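Student: Let me give you the structure first, and then I'll get to my questions.
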Amino acid sequence: MREILGKLARIVTVALAAVLAFRPIDDFDTWWHLAAGRWIAGHGAVPSTDTLSHTVRDHRWINLEWAYEVVIYLLHSLGGPVLLSVAAAVGFTLAVWLLLRLVQPHVGDAGGAILSLLVLLVMQDRFTVRPEMVSFPLLVGLLSVLEFARTREGRGLWLLVPLMVIWVNVHGLFIIGVLPSCARSPGLGPASWRCGAWPPFSP
């Protein structure tokens, strides 16, 4: 009975994430990102100066989200706002599902569902068509890779490279991906994981 309730709790959590994440475009920044993606796709280059602002036009611009902008522009070209809303819902739901899988082995089915629901309630305010729809699943994906590697003598760590390459080009929040590798992790043995220390797993 407990196992059935645990599975039901996981299903309800993921379903609630999908429902809350599917919403109309209600953020002005979405249209700005779409305009930037249209410019990049049309010119075949990433602008080095601000091409969209009247107040700081032609000032230096380091666009950390260019790949995200191109992708949502292409999605919008294919399916309009509805497809963008679906893509955002998929991204945020994936993040919650990955989080549930990450914490469940440590706190159980019910604990994992409760913890994931709390995180869901906190982050649902950011469920918009913004770069967070990619950053959230990438963050939890990175943590999942680290957890997998921790329990399997470092196997799978190579996945951090493609994850970070993608993240660096879609959102400035990629910087938080560095934090887990700089934090002390007591389960890694005497040579605990420190920023700059390698390999992170000692025999």
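Student: Pick from Arg155, Arg130, Arg150: which is basic (Lys, Arg), assigned to a helix (DSSP H, G or I) and in contact with a helix residue (DSSP H, G or I) (Cβ under 9 Å, 6 or more places away or on another chain)? Explain how you work it out, then say what you get.
Tutor: Values: Arg155 fails: assigned to a helix (DSSP H, G or I); Arg130 fails: assigned to a helix (DSSP H, G or I).
Result: Arg150 is the single residue among Arg155, Arg130, Arg150 that is basic (Lys, Arg), assigned to a helix (DSSP H, G or I) and in contact with a helix residue (DSSP H, G or I) (Cβ under 9 Å, 6 or more places away or on another chain).
Student: Another question, if that's okay. Examine region 85-108 for a residue that is outside any helix (DSSP H, G or I), β-branched (Val, Ile, Thr), open to solvent by 60 Å² or more (accessible area, probe 1.4 Å) and within 21 Å of His171 (Cβ to Cβ), and state whether such a residue exists.
Tutor: The initial filter retains those residues of region 85-108 that are outside any helix (DSSP H, G or I), namely none.
The answer is no, given that none of the residues of region 85-108 is outside any helix (DSSP H, G or I), β-branched (Val, Ile, Thr), open to solvent by 60 Å² or more (accessible area, probe 1.4 Å) and within 21 Å of His171 (Cβ to Cβ).
Student: What number of residues within region 116-136 satisfy the criterion of being within 21 Å of Gly172 (Cα to Cα) and open to solvent by 20 Å² or more (accessible area, probe 1.4 Å)?
Tutor: First pass over region 116-136, keeping only residues within 21 Å of Gly172 (Cα to Cα): 122-136.
From the residues that got through so far, the ones that are open to solvent by 20 Å² or more (accessible area, probe 1.4 Å) too are 122-126, 130, 134, 136.
Qualifying residue count for the region: 8.
Student: In region 72-84, what count of residues is obtained for those that are surrounded by 14 or more Cβ atoms within 10 Å (Cβ to Cβ) and not aliphatic (A, V, I, L, M)?
Tutor: 3
Student: Taking region 26-47, which residues are open to solvent by less than 40 Å² (accessible area, probe 1.4 Å) and either in a loop (DSSP other than H, G, I, E, B) or of a type in the set (S, T, N, Q) (or both)?
Tutor: Start the filter on region 26-47 by keeping residues that are open to solvent by less than 40 Å² (accessible area, probe 1.4 Å), which leaves 27, 30, 33-37, 40, 47.
Once the filter is applied, which keeps residues that are open to solvent by less than 40 Å² (accessible area, probe 1.4 Å) and either in a loop (DSSP other than H, G, I, E, B) or of a type in the set (S, T, N, Q) (or both), region 26-47 yields Asp27, Thr30, Pro47.
Student: Is one or more of the residues making up region 54-67 out of contact with any strand residue (DSSP E or B) (no Cβ under 9 Å at 6 or more places or on another chain), farther than 18 Å from Met133 by Cα, at pLDDT 90 or above and of a type in the set (Val, Ile, Thr)?
Tutor: No; the residues of region 54-67 include none that is out of contact with any strand residue (DSSP E or B) (no Cβ under 9 Å at 6 or more places or on another chain), farther than 18 Å from Met133 by Cα, at pLDDT 90 or above and of a type in the set (Val, Ile, Thr).
Student: Might you let me know whether region 48-65 holds any residue that is of a type outside the set (Phe, Trp, Tyr) and either in contact with a Gly (Cβ under 9 Å, 6 or more places away or on another chain) or assigned to a helix (DSSP H, G or I) (or both)?
Tutor: Here is the first cut: in region 48-65, the ones of a type outside the set (Phe, Trp, Tyr) are 48-60, 62-65.
Subsequent filtering for residues that are either in contact with a Gly (Cβ under 9 Å, 6 or more places away or on another chain) or assigned to a helix (DSSP H, G or I) (or both) retains 64-65.
Checked against the condition, which is being of a type outside the set (Phe, Trp, Tyr) and either in contact with a Gly (Cβ under 9 Å, 6 or more places away or on another chain) or assigned to a helix (DSSP H, G or I) (or both), region 48-65 yields at least one hit.
Student: If I filter region 17-37 for residues that are touching an Asp or Glu at 6+ places or on another chain (Cβ under 6 Å) and in contact (Cβ under 8 Å) with a residue 60 or more places away in the chain, do I get at least one hit?
Tutor: For region 17-37, residues touching an Asp or Glu at 6+ places or on another chain (Cβ under 6 Å) and in contact (Cβ under 8 Å) with a residue 60 or more places away in the chain: present.
Student: Restricting the search to region 154-177, which residues are under 10 Å from Glu65 (Cβ atoms) and open to solvent by less than 40 Å² (accessible area, probe 1.4 Å)?
Tutor: Result: Val170, His171, Gly172.
Student: For region 57-71, how many residues are open to solvent by 60 Å² or more (accessible area, probe 1.4 Å) and over 23 Å from the mean Cα position of the chain (by Cα)? Spell out how you get there, then give the answer.
Tutor: Taking region 57-71 first, the residues open to solvent by 60 Å² or more (accessible area, probe 1.4 Å) are 57-60, 62, 64, 66, 71.
Remaining after also requiring over 23 Å from the mean Cα position of the chain (by Cα): 57-60.
Within region 57-71, residues that are open to solvent by 60 Å² or more (accessible area, probe 1.4 Å) and over 23 Å from the mean Cα position of the chain (by Cα) number 4.
Student: Return only the number of the condition from (1) open to solvent by less than 70 Å² (accessible area, probe 1.4 Å); (2) under 15 Å from His76 (Cβ atoms) that Ser53 does not satisfy.
Tutor: Ser53 satisfies every listed condition except (2).
The values are calculated or read from the model by the stated rules, or taken from the named source; none is laboratory data. Note that the structure is predicted; figures quoted are calculated from it, not measured. All Cβ positions, glycine included, derive from the backbone under ideal geometry; neighbour counts span all protein chains shown. The accessibility values were calculated without ligands, DNA or RNA, using every heavy atom of the protein model including side chains. Shrake-Rupley method; radii C 1.70, N 1.55, O 1.52, S 1.80 Å.
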